[in-house]
Every structure is written in C-alpha cells, then in structure tokens.
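Participant: Sharing a structure with you now.
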Amino acid sequence: MLQRMYGQANVENPRYGQLIIGPPGSGKTTYCNEAYKFYKELGRQVGVVNLDPANDNMAYQPVINIMELITVEDCMEHLQLGPNGALMHCAEYLLDHIEDWLIPALRKLSVTHNYFLFDCPGQIELYTHHNAMASVFERLEQERYSLVTVNLIDSHYCSEPTKFIATLLMALNTMLRMSLPHVNVLSKADLLRKHESKLHFNVDYYTDVLDLKYLLEKVDDDPTMRKYQKLNEAICSMVEDYALVSFQLLDAFSTDSMLRLRNHIDKANGYVYRAGEEQTVNALLACAVGAETEATRQQYDVDPYTQPQ
C-alpha cells in the first residue's frame with residue numbers, strides 16, 4: 001500500500017530549494033559554496049542563486065545573481081540610505097521585479113537544474129519584521145518549488161546564556177513568519193571543541209533546547225541582567241510553549257556533518273521521497289521518522305564536535 005501511495009505522489013519535474021538565512025557572519029556563503037560541491041558530488045542538478053545584494057565575497061559561481069539587478073552600494077550612493085535601509089530597499093526591489101527578472105531566470109534554468117541553494121541577505125530584520133523576502137519565498141512556492149528554510153546561527157552563541165535566549169527568540173520568530181519547513185543550524189560547530197569549557201551545559205542541551213529554567217538561573221547569576229529577569233522568563237516560557245525550536249550542528253567542511261544535515265533537510269522539503277538516493281521503502285521510512293537510537297544520535301551528532309581529535 002505504501003509503495004502504491006509513493007508511486008502516486010510523484011510530481012512531474014519536481015523542483016527543490018534551500019533558503020539559506022541567518023545573521024551576518026553565520027557562514028551562509030561558506031555553506032552555499034560547500035553545499036554546492038557536496039550536492040554536485042551526490043549527482044543533484046544543483047545551482048546557487050545569490051539573493052544577497054551585498055555579497056562581494058562569493059567563492060561560488062551563481063547561476064543567478066541579484067547584484068546584476070541591484071546592489072546595496074548603489075542604493076546607498078543614489079538613495080542616500082544606510083546599509084540596513086539599503087538592504088530593505090533591495091529586498092523590496094527584488095519583490096517588485098520578481099515577475100520580470102527572477103521567475104523567468106529560474107524557469108529558464110529548470111531545463112538543466114532542479115535543486116537550488118538561495119543565498120539570502122544577512123539582515124535578520126528581513127525575516128523577523130519585514131515582509132518582502134517572505135513574499136518572494138511565497139511566490140517561489142507558487143512556482144511549485146518544495147522549499148525549506150535553513151537558518152544558520154553561529155554556535156558561539158551557546159557560550160553566553162543571554163545570547164542563546166536571543167537566538168531562541170529570533171529562531172522562533174523566523175519560523176512563525178516564514179511559514180515554511182524549517183531547519184535551525186548551529187554553524188561552525190567544529191569550533192565548539194575549543195570553547196566547550198565556556199558552555200554551562202552539555203551540547204545536546206542547546207541542540208534539543210531542554211528545560212530552559214536552568215539557563216535562566218545562569219542569566220540571573222549576572223547582576224547586570226537581573227533587571228530583565230521577567231522578560232527573559234517570558235521569552236523562555238514562550239519558546240517552550242511553542243516547542244518548535246531545535247538545532248542541528250554543522251561543520252561545513254566535514255562530509256559526515258553535511259550528510260547528517262542533508263538527511264534533515266531532505267525530510268523537511270520532501271526530497272527524501274524522490275527516487276534515486278533513497279530507493280527502498282524501508283530506507284524511506286527510516287529517514288522519514290528518524291529511526292535512530294539516542295546512542296547513535298550522540299555518536300554522530302554530538303561527539304564529533306566535543307570529543308578530542
């Protein structure tokens with residue numbers, strides 16, 4: 001019966017996309033470069049789309065580049081805007097020209113590509129307070145792209161309780177506003193080994209977002225933060241009430257780490273159900289429900305980033 005359902009679920013020429021978002025310096029462009037090479041080796045028809053109008057340091061060759069349409073530098077010069085205002089204007093300009101620029105370019109590429117990595121701007125307000133990028137993503141969904149938001153956050157935020165609470169609030173806000181399948185990622189996880197002594201709890205406390213009352217106790221140890229005690233309690237209570245936020249660890253230069261993240265992303269955007277890389281019903285079921293023991297998860301998701309090499 002499952003095999004019959006799977007056969008009926010096939011969609012002609014399915015297209016998939018990862019929307020790579022996150023604060024500046026979280027490793028979005030590095031991830032796009034390494035992910036492009038990684039998925040290319042897997043045999044996927046992958047291309048990188050640069051939607052960041054301030055991205056001057058691309059190590060990859062984009063198949064579509066917003067900087068051919070508009071740049072932050074031009075906006076700052078001609079419209080007398082600051083960097084944040086210029087980025088917002090660029091996002092609005094992209095939305096205004098999505099029908100005559102982005103969508104036609106993607107349709108043309110669909111002959112040779114069916115998997116896209118969208119390297120998005122690093123201004124987090126574009127996803128937590130502004131509507132332009134969400135509208136762009138919605139338009140891509142209307143083009144029958146199976147999308148997943150990949151939210152990269154620097155893992156060093158785990159070392160400071162106040163920063164991690166802010167990270168939780170930002171991740172939850174983004175998940176609710178984007179209304180898309182979502183994978184939160186703690187990037188640069190290979191550096192956790194260096195800073196493990198600064199962590200108040202085990203790594204899985206942060207990835208699984210366990211009982212936050214213990215984190216609040218650490219915040220209260222800081223005299224300068226005690227006046228924000230009720231605010232921090234309210235934020236943590238809201239995060240726990242929604243019970244949506246968790247994180248995956250990533251070392252973008254590790255093939256094993258990229259494979260683990262690929263499994264989570266493929267579940268989220270439905271690529272796991274595509275014939276090719278996962279062909280048997282048992283493999284599909286195992287990947288879909290995450291059939292792993294806690295020991296196995298510890299071995300592959302936590303130990304590589306904390307155990308001495």
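The values are calculated or read from the model by the stated rules, or taken from the named source; none is laboratory data. Keep in mind it's a predicted model, so treat the numbers as computed, not measured. Using ideal geometry, Cβ is built from the backbone for each residue, glycine included, and neighbour counts are taken over all protein chains shown. Heavy atoms of the whole protein, side chains included, go into the accessibility calculation; ligands, DNA and RNA do not. Shrake-Rupley method; radii C 1.70, N 1.55, O 1.52, S 1.80 Å.
Participant: Got a sec to turn the phi values of the stretch 73-81 into Karplus ³J(HN,Hα) couplings, 6.51 cos²θ - 1.76 cosθ + 1.60 with θ = phi - 60°, whole Hz, x for Gly and Pro?
Facilitator: 4, 5, 5, 5, 6, 8, 9, 6, 9
Participant: Considering amide H positions built from the backbone, and no H for Pro or chain starts, which residues 5 or more places from Glu160, or on another chain, come under 5 Å of its amide H?
Facilitator: none
Participant: List every residue whose amide H lies under 5 Å from the amide H of Thr149, counting only residues 5 or more places away in sequence or on a different chain, with H placed 1.01 Å from N in the peptide plane.
Facilitator: Result for Thr149 returns Leu19, His182, Val183.
Participant: Just to verify a number: FRET efficiency for Ser135 and Thr112, C-beta to C-beta distance, R0 = 30 Å, to 0.05? Intermediate values should be presented prior to the final figure.
Facilitator: Values: r = 27 Å, r/R0 = 0.90.
Efficiency for this residue pair is about 0.65.
Participant: Let me ask something else about it. Could you derive backbone 3J(HN,Hα) for the stretch 202-209 from the dihedral phi with the Karplus parameters 6.51, -1.76 and 1.60 (θ = phi - 60°), listing whole Hz in sequence and x where the residue is Gly or Pro?
Facilitator: Going residue by residue, I get 4, 4, 5, 4, 7, 5, 8, 6 Hz, with x marking Gly and Pro.
Participant: While we're looking at this one, here's another question. Under 30 Å Cα-Cα from Lys230, which lysines qualify once same-chain neighbours fewer than 8 residues away are excluded?
Facilitator: Those lysines meeting the cut-off are Lys163, Lys198, Lys213, Lys218.
Participant: Still on this model: What is the sum of charges around Ile20, taking Lys and Arg as +1, Asp and Glu as -1, for the other residues whose C-beta is under 9 Å from the C-beta of Ile20? Could you put the intermediate results ahead of the total?
Facilitator: Working: positive: Lys28; negative: Asp119.
Here the count lands on 0.
Participant: Also: How do the peptides 149-155, 101-107, 111-117 rank, highest first, by the average count of neighbouring beta carbon atoms within 10 Å per residue?
Facilitator: Values: 149-155: 25.4, 101-107: 16.0, 111-117: 18.0.
Ranking the peptides 149-155, 101-107, 111-117 by packing returns 149-155, 111-117, 101-107.
Participant: In addition: Stretch Thr255-Lys227 to full length: gain in nm at 0.36 nm per residue minus the Cα-Cα span?
Facilitator: 5.6 nm
Participant: So what J values fall out for the stretch 240-257 if you push phi through Karplus, 6.51 cos²θ - 1.76 cosθ + 1.60 with θ = phi - 60°, rounded to Hz, Gly and Pro as x?
Facilitator: Once θ is set to phi - 60°, the couplings for the stretch 240-257 become 6, 5, 6, 6, 10, 8, 8, 9, 10, 8, 9, 10, 5, 9, 9, 5, 4, 5 Hz.
Participant: Can you give the accessible area of Tyr214 in Å² (nearest 10), computed on protein heavy atoms with a 1.4 Å probe?
Facilitator: Its heavy atoms expose roughly 100 Å² to the probe.
Participant: Further question on the same structure: Using r as the Cβ-Cβ distance of Arg193 and His97, and R0 as 51 Å, what FRET efficiency do you calculate, to the nearest 0.05?
Facilitator: Details: r = 45 Å, r/R0 = 0.88.
Given R0 = 51 Å and the Cβ-Cβ separation, E is 0.70.
Participant: If you add up the charges near Gly47, with Lys and Arg at +1 and Asp and Glu at -1, over every other residue whose beta carbon is less than 12 angstrom from its beta carbon, what do you get? Before the final figure, lay out the partial values.
Facilitator: Values: positive: Arg15, Lys40, Arg44, Lys108; negative: Asp119.
Net charge around Gly47: +3.
Participant: Quick one: which residues, 5+ away or cross-chain, put their amide H under 5 Å from the amide H of Tyr16? H built at 1.01 Å from N.
Facilitator: Tyr115, Phe116, Ser146
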